[in-house]
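Presented below is the structure to which this report refers.
The values are calculated or read from the model by the stated rules, or taken from the named source; none is laboratory data. The structure presented is a predicted model; accordingly, all values stated were derived computationally and were not measured. No Cβ is skipped: glycine too gets one built from the backbone with ideal geometry, and neighbour counts run over all protein chains shown.
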Amino acid sequence: MSSETIPKTGILKPRVLITGGAGFIGSTLTRYLVSHELAEVLNIDKLTYAGNLTSLREVAEETSYQFQKLDILDTPAVSKVITDFRPTAIMHLAAESHVDRSIESPSGFIQTNILGTYHLLQIAMKYWGGLDTRAKRIFRFHHISTDEVYGSLGDSGLFTEKTAYDPHSPYAASKASSDHLVRSWHHTYGLPTLITNCTNNYGPYQFPEKLIPLVILNALERKPLPIYGTGKNVRDWLYVDDHVKALWRVLTDGQVGETYNIGGNMERSNLEVATTACDILDTLRPTFQGKSRDLITFVSDRPGHDLRYATDSTRIKQDLNWEPEESFDSGMHKTVKWYLDNDWWWAPIRSAT
Ligand SMILES: NC(=O)c1ccc[n+]([C@@H]2O[C@H](COP(=O)([O-])OP(=O)(O)OC[C@H]3O[C@@H](n4cnc5c(N)ncnc54)[C@H](O)[C@@H]3O)[C@@H](O)[C@H]2O)c1
């Protein structure tokens, strides 16, 4: 272990402050770190419509897990929590994350994603500046971001870490802004930052407004399955467990100041994603009348809908030896089965929305 890396075991067990730990990726990350005894975790989350403490049911009673309901914009409270908890790392996931909502109502995206990140950087700087030399060397501020900051691709090519930013939706623009802030806090003030830009995630505990759970749950209820435009928009899909393993690899072994793209190398059109989910569902629930894929309904396209995202993950593969473990088919099978087996989690959300 180099002196620059966060110790994974021993007396100095990492103490990780996770923002947005009640969301889809944050809760998967929290469950992973706590259940594998990799870190002490303090989760701070405002519990917006997307935050759900039931996603953390299996770790809620663990001594290495704590939760505080907090808005990252509440700087005095966040500052106090950080001073008390004394994290060795901050993994910043709290965000407004749904593109459609950002088009309808961008204000919350500007507040949380841009201003929230700014305030967190300022608090982190103050905290980091007061640490002793060794703790200072170990500390990391890891910003979890998206490949949507790079804009849209044509039929070929991949986003690399050198691709110029060209965000198109208010969501993507807010994440691009926060990436720029994080990078500048490293270059200007020396804050030890890491940035990861990941492709579309899917898996258990994803809020039912997102494409894959929406298709599964609507098909279960024999409702129409809405697909934007002609369904040809392509995304590179990554199973969420693979994403959180990549995040931990970057946090523990990544080069300070560096950016890592994380992709699944699993490009699929939205139509292919929907038909795959439908066909798996029909295999697991053979009692349905008719084929689930016949419920697919094309609806007016999202304004400014980017055609294709796909990410080159060469850097994280070569430098940090990370590769996704799930194929699209295995990940989708696990996901559909999880939604079938866990209506205790999604049924209350569906009936409230
Ligand atoms: N889902 C994806 O496919 C994907 C891909 C790449 C990157 N990301 C990024 O990963 C992060 C997590 O994404 P997700 O899909 O888990 O999102 P999510 O919407 O499921 O969860 C976001 C969490 O942040 C919390 N939150 C929102 N505003 C807050 C505030 N002001 N203070 C404290 N907490 C607040 C919410 O309550 C929620 O628990 C985001 O930053 C997102 O941009 C997501």
(request) All but one of (1) at pLDDT 95 or above; (2) within 24 Å of LEU153 (Cβ to Cβ); (3) out of contact with any Lys or Arg (no Cβ under 7 Å at 6 or more places or on another chain); (4) assigned to a loop (DSSP other than H, G, I, E, B) hold for GLN255, so report the exception by its number. (result) (2)
(request) Please list, ordered by first then second residue, the pairs with beta carbon atoms under 8 Å, 6 or more apart or interchain, first in the stretch 143-159 and more than 30 Å from ILE72 (Cβ to Cβ), second of a type in the set (D, E, K, R) and more than 8 Å from the ligand (Cβ to nearest atom). (result) LEU153/ARG308; GLY154/ARG308; ASP155/ARG308; LEU158/ASP312
(message) For a quick check of your reading of the model, give me the residue pairs whose first member lies in the stretch 239-258 and is acidic (Asp, Glu), whose second is assigned to a helix (DSSP H, G or I) and modelled with pLDDT of 95 or more, with beta-carbon atoms closer than 7 Å and at least 6 apart or on different chains.
(response) ASP241/THR28; ASP253/LEU320
(request) Collect the residues in the stretch 206-248 that are aliphatic (A, V, I, L, M) and within 14 Å of the chain's Cα centre (by Cα), keeping them in residue-number order. (result) LEU238, VAL240, VAL244, ALA246, LEU247
(request) From PHE109, PHE67, grab the single residue that is surrounded by 18 or more Cβ atoms within 10 Å (Cβ to Cβ), in contact with a Phe, Trp or Tyr (Cβ under 7 Å, 6 or more places away or on another chain) and at pLDDT 95 or above. (result) PHE109
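Yes or no, residue by residue, for (1) assigned to a helix (DSSP H, G or I); (2) within 22 Å of the chain's Cα centre (by Cα); (3) of a type in the set (S, T, N, Q):
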{"site": "VAL273", "(1), (2), (3)": "yes, yes, no"}
{"site": "ILE280", "(1), (2), (3)": "yes, no, no"}
{"site": "GLN289", "(1), (2), (3)": "no, no, yes"}
{"site": "ARG315", "(1), (2), (3)": "yes, yes, no"}
(message) If GLU161 meets every condition in (1) closer than 30 Å to TRP128 by Cα; (2) surrounded by fewer than 20 Cβ atoms within 10 Å (Cβ to Cβ); (3) out of contact with any Lys or Arg (no Cβ under 9 Å at 6 or more places or on another chain) apart from one, which number is that one?
(response) (3)
(request) Quick one: count up the residues across the stretch 26-38 that are in contact with a Leu (Cβ under 9 Å, 6 or more places away or on another chain), crowded, with 24+ Cβ neighbours inside 10 Å and touching a residue at least 40 places away in the same chain (Cβ under 8 Å). (result) 3
(message) Among (1) in contact with a strand residue (DSSP E or B) (Cβ under 8 Å, 6 or more places away or on another chain); (2) surrounded by 22 or more Cβ atoms within 10 Å (Cβ to Cβ); (3) more than 21 Å from TYR165 (Cβ to Cβ), there is one condition TRP248 misses while meeting the rest; what is its number?
(response) (1)
(request) For the stretch 190-242, name all the residues that are assigned to a helix (DSSP H, G or I) and more than 20 Å from THR275 (Cβ to Cβ). (result) VAL240, ASP241, ASP242
(request) Identify the single condition in (1) buried (at least 16 other Cβ atoms within 10 Å of the Cβ); (2) away from the ligand (no atom under 11 Å from the Cβ) that LEU120 does not satisfy, given that it satisfies every other one. (result) (2)
